[in-house]
Amino acid sequence: MLKSLKLLAVFVAIAAAAPALAQQTQAWEIDVAHSEVSFRIRHLVSQVRGSFRDFSGRVETNEANPTASKVSFTIQASSIDTGNADRDKHLRSADFFDVEKYPTITFVSSKIQPRGDNRFDVTGTLTMHGVAREITLPVEFTGTVKDPWGNTKAGFETSTTLNRKDYGIVWNRALDTGGFVLGDDVQVSISLQVKAVAGT
């Protein structure tokens, strides 16, 4: 009888602790100085490359239950930079991102599915140019490390291809020889270094 009571007490203790353990998360903030949001798109017969300089976000990881992790990410559309001032001005205009009307590009996760070998499918809503669509990003967790100042850092990377027309960004110009000035597919790469938030 005493043995049964002890066993029952152990089960009760485990059951009581399980919700707390499942809810334990670590929050991370993006280290913008060591992160990058870049893209490339076909222009005539070459590739134009660019990036967004102003972005922020938050990652919440749950090591015991990765599916409970979360990601939110915001890009300031006006921070687009292709290394050409006239082209960047055009990209900010109503022909493309229309940054006065749609100042931000956002992604908010809704589901995270582990795929093994530090890889995850992160599904969520990408909102750009006033259009919200569900996408799944293949994300690689590149590890954690302590920096020389005692901060815990972690890394995440993803690459995907988006069709700009899916988001209402349709400007183009036909060529006399056939075809168009711009391609429709945009290859996007995101490399994030994040810093652990104390007290989470």
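Counting the residues of region 143-171 that are exposed (fewer than 14 other Cβ atoms within 10 Å of the Cβ), assigned to a strand (DSSP E or B) and either under 18 Å from the mean Cα position of the chain (by Cα) or on the phi > 0 side of the Ramachandran plot (or both) gives 3.
Residues of region 93-129 that are free of Cβ contacts under 8 Å to residues at least 24 places away in the same chain and farther than 30 Å from ALA154 by Cβ: SER93, ALA94, VAL99, GLU100. Each residue in region 39-92 was checked for being touching a residue at least 60 places away in the same chain (Cβ under 8 Å), of a type in the set (Phe, Trp, Tyr) and either touching an Asp or Glu at 6+ places or on another chain (Cβ under 8 Å) or surrounded by fewer than 13 Cβ atoms within 10 Å (Cβ to Cβ) (or both), and 0 of them qualify. How many of the residues in region 93-110 are in contact with a strand residue (DSSP E or B) (Cβ under 6 Å, 6 or more places away or on another chain) and either of a type in the set (A, V, I, L, M, F, W, C) or surrounded by 13 or more Cβ atoms within 10 Å (Cβ to Cβ) (or both)? Result for region 93-110: 6.
Of all residues in region 176-200, exactly one satisfies the criterion of being touching a residue at least 12 places away in the same chain (Cβ under 8 Å), farther than 16 Å from GLU63 by Cα and in a loop (DSSP other than H, G, I, E, B), namely VAL181. One residue stands out in region 113-131 among those that are touching a helix residue (DSSP H, G or I) at 6+ places or on another chain (Cβ under 9 Å) and of a type in the set (A, V, I, L, M, F, W, C): the one that is nearest to SER191 (Cα to Cα), namely PHE120. Checking each residue in region 40-54 for being in contact with a Leu (Cβ under 9 Å, 6 or more places away or on another chain) and part of a strand (DSSP E or B) picks out ILE41, ARG42, HIS43, VAL48, GLY50. Scanning region 130-139 for residues that are under 18 Å from ASN163 (Cβ atoms) and touching a residue at least 12 places away in the same chain (Cβ under 8 Å) returns GLY130, VAL131, ARG133, GLU134, ILE135, THR136, LEU137, PRO138. With respect to (1) more than 13 Å from the chain's Cα centre (by Cα); (2) more than 14 Å from THR67 (Cα to Cα); (3) polar (S, T, N, Q), the lone exception for THR127 is condition (1). For region 76-86, does any single residue satisfy the condition of being among the hydroxyl-bearing types (Ser, Thr, Tyr) and within 16 Å of THR158 (Cα to Cα)? Taking every residue of region 76-86 in turn, none turns out to be among the hydroxyl-bearing types (Ser, Thr, Tyr) and within 16 Å of THR158 (Cα to Cα).
Just so you know, all these numbers are worked out from the coordinates, no wet-lab data involved. The structure displayed is predicted, hence computed values, not measured ones. Positions of Cβ are generated from backbone atoms using ideal geometry, with glycine treated the same way; all protein chains shown enter the neighbour counts.
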